[in-house]
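Remarks on the structure that follows.
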Amino acid sequence: MVKPPDFITAMTGRLDEQAARHMVTRTPQTEALGFQFVSISEARGAIRVPWRADLVGDPETGVIASGVVTTLLDHVCGLSIRAANAVPQGTLDLRIDYMRPARPQADLIADGHCYKLTRTIAFVRALAHDGDPDDPVATAQAAFALIGGGA
Amino acid sequence: MSTETTPAERLAAFLARTPYIAFLGMRAELAGDEMTAILPFSPHLIGNTLLPALHGGVLGAFMEMTALAQLAVITGGPRPAKTIDVTIDYLRPGRAMDTYARAEIKKAGRRISSVHVEAWQEARAKPVAAIRGHFQTPTEG
């Protein structure tokens, strides 16, 4: 189980790679889904979820469930906000468009970009793909309330 | 459809065929044609251990699965509908406790349906989250 001091650093401290890795892999739900840290850069983050049989939505196709994509996109939005040195309090809204089914048994990668911060709100875009970011499986647009803001 | 199935059979078939529903631990109950989905609390659903709170993605996914289950109950095809888009509103933190959801099919189209879902915990009048979504009816054959 997570030691509280590490967790608090991951949630609120300056985001170095170790804290980012912790945020991606060490919450109970992301651990259960098998999320893997890919990268962070200024206001951007990336996460991978390896294909697994118990995460499938339709056993006839073998494609990862859209619900897994929802959690992946929500989490990569939070990661990119942390990579912009802000601290998300929670998601306000998250809009997801599913462009096409993922390839059967394919891993998914999500890229997030926090493109605007106000005192209280972070605006984020993200996409999920199965190998080619120019041919996404899903795209997302989200607004998050920030800790320290008035929301 | 050539074979007649009851709503309860269609619901049971949808829940049983989806591995991700077992991963979440989601169940559903039917009272006539009204379905209530239940997400029993489980530690693996936590996204924030400090509060603690359910992962926002879990709430969104649970409501989306509720919409798909309700569509399976009323339309009854062997294949589940496909999600086109969802807009999730987060209204209150999802606490470390059981969550319930009900779906309202605003329009059941031949090809595309529009569904609203609300999820709550302690009180139905205080929803923790809601979604609006569009879902594509699978084409047969």
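Listed values, structure above:
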quantity: Residue check for B:THR66: at the interface with chain A (Cβ under 7 Å from one of its Cβ atoms), within 14 Å of the chain's Cα centre (by Cα), hydroxyl-bearing (Ser, Thr, Tyr) and buried (at least 23 other Cβ atoms within 10 Å of the Cβ); calculated: no
quantity: Check on B:ALA31, within 11 Å of chain A (Cβ to nearest Cβ) and exposed (fewer than 13 other Cβ atoms within 10 Å of the Cβ); calculated: no
quantity: Filtered residues of region B:55-70 (kept if touching a strand residue (DSSP E or B) at 6+ places or on another chain (Cβ under 6 Å) and not small (Gly, Ala, Ser)); calculated: B:HIS55, B:LEU59, B:PHE62, B:MET63, B:GLU64, B:THR66, B:GLN70
quantity: Selected residue (only one of B:GLY60, B:GLY47 is closer than 22 Å to B:THR83 by Cα and small (Gly, Ala, Ser)); calculated: B:GLY60
quantity: Residue satisfying condition, being in contact (Cβ under 8 Å) with a residue 12 or more places away in the chain and under 25 Å from B:ARG124 (Cβ atoms), within set B:ALA8, B:ALA31, B:ALA13; calculated: B:ALA8
quantity: Flag if A:ARG119 is closer than 24 Å to B:LEU50 by Cα, among the basic types (Lys, Arg) and part of a loop (DSSP other than H, G, I, E, B); calculated: yes
quantity: Sole exception among (1) under 20 Å from A:LEU33 (Cα atoms); (2) in contact (Cβ under 8 Å) with a residue 12 or more places away in the chain for B:ARG102, by number; calculated: (1)
quantity: Flag if A:VAL76 is in contact (Cβ under 8 Å) with a residue 24 or more places away in the chain, of a type in the set (A, V, I, L, M), assigned to a helix (DSSP H, G or I) and closer than 28 Å to B:HIS134 by Cβ; calculated: yes
quantity: Residue ID - nearest to A:MET99 (Cα to Cα), chosen from residues in region B:76-95 that are surrounded by 16 or more Cβ atoms within 10 Å (Cβ to Cβ) and more than 10 Å from chain A (Cβ to nearest Cβ); calculated: B:ALA81
quantity: Condition check for B:GLU122: charged (D, E, K, R), loosely packed, with under 14 Cβ neighbours inside 10 Å and under 15 Å from B:LEU39 (Cβ atoms); calculated: yes
quantity: Selection count, region A:37-69, where residues are in contact with a helix residue (DSSP H, G or I) (Cβ under 7 Å, 6 or more places away or on another chain), farther than 20 Å from A:ALA86 by Cβ and not in a helix (DSSP H, G or I); calculated: 6
quantity: Qualifying residue in region A:83-93 (condition: of a type in the set (D, E, K, R), within 12 Å of chain B (Cβ to nearest Cβ) and surrounded by fewer than 17 Cβ atoms within 10 Å (Cβ to Cβ)); calculated: yes
quantity: Residue check, A:MET23 in a helix (DSSP H, G or I) and at pLDDT below 95; calculated: yes
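Residue-wise test of (1) farther than 25 Å from A:GLN29 by Cβ; (2) buried (at least 20 other Cβ atoms within 10 Å of the Cβ).
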| position | (1), (2) |
| --- | --- |
| B:THR6 | yes, no |
| B:GLY47 | no, yes |
| B:LEU50 | no, no |
| B:ILE74 | yes, no |
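The values are calculated or read from the model by the stated rules, or taken from the named source; none is laboratory data. None of these values were measured; they are calculated from a predicted model. For neighbour counting, all protein chains shown are included, and Cβ atoms are generated from backbone atoms with ideal geometry for every residue, glycine included.
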